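The values are calculated or read from the model by the stated rules, or taken from the named source; none is laboratory data. Treat the numbers as computed from the prediction; the structure is a model and nothing was measured. Backbone-built Cβ (ideal geometry, glycine too); neighbour counts: all protein chains shown.
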Amino acid sequence: MGGEKTMTTTLAAALPSDKVERGSMEPSESTPKESGVITDRELVERTQGGDPTAFDELVRRYQPRLLGMLYNMANNQTDAWDLAMETFEKAYKSIHTFRLDSEFFTWLYRIGFNLTVNFLKRNKHRHNLSMDDEDFDLQNRSEFIDASAAGDAERQARLTELKNKLNESMMKLSDQHRAVVTLFDIQGLSHSEISKIMSCKEETVRSRLFYAHKQLQKYLKNYL
């Protein structure tokens, strides 16, 4: 168990996530409604009723987290933005198929996940940019979290080295294993949420996580 916690901490510290702490998710129908806070379900109902401004709010609400997942899977800034736009476009066109007893963010993530997996299959020959490519300045982009920003120079240098190695190691994983690591370790989703997004059993999620962690521990043995 200690190794699992170390791996999760290492990944969360070094990779962009826009992770939302457990319990601070955007309000859903099951969350007690605070004064003036509109739930996801209300926004979906308004969108289904023909109000496009309601979907604009859903985009603002989930774009940062969705971009974090897509970037960690695709490892390319431009691809992540394109996939995010395609995800929201498909979600908007399919909004009437959304069941109101479901969680909007898992439905949205499932669309993004499937689009990204298909995109990666079509583009296996492409050489993706690294996480530290000069045209992707994590320190200055509000869409992504850079955990090194608050550290001193030595710590930042260590994190930069770790980020480079971790980026290289993540790209050695299969698309499915990289996705499950991104969703669990970096974005903090539960096994149940991940199983809905990836359309598989929770046992499969745990099995993929176990294998991916073992592979990353092997790749990063000098850094853990």
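Values for this structure:
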| read-out | value |
| --- | --- |
| Residue within the range 187-206 that is among the acidic types (Asp, Glu), surrounded by fewer than 18 Cβ atoms within 10 Å (Cβ to Cβ) and in a helix (DSSP H, G or I) present | yes |
| Test result for Glu168, surrounded by 16 or more Cβ atoms within 10 Å (Cβ to Cβ) and either under 15 Å from the mean Cα position of the chain (by Cα) or at pLDDT 75 or above (or both) | no |
| Search result, residues across the range 166-224 that are among the small types (Gly, Ala, Ser), closer than 30 Å to Arg99 by Cα, free of Cβ contacts under 8 Å to residues at least 60 places away in the same chain and touching a helix residue (DSSP H, G or I) at 6+ places or on another chain (Cβ under 7 Å) | Ser192, Ser195 |
| In the range 139-159, residue modelled with the lowest pLDDT [restricted to those that are in a helix (DSSP H, G or I) and within 21 Å of Leu67 (Cβ to Cβ)] | Gln139 |
| Criterion: in contact (Cβ under 8 Å) with a residue 40 or more places away in the chain, surrounded by fewer than 22 Cβ atoms within 10 Å (Cβ to Cβ) and of a type in the set (Asp, Glu) - qualifying residue of Asp51, Asp79 | Asp79 |
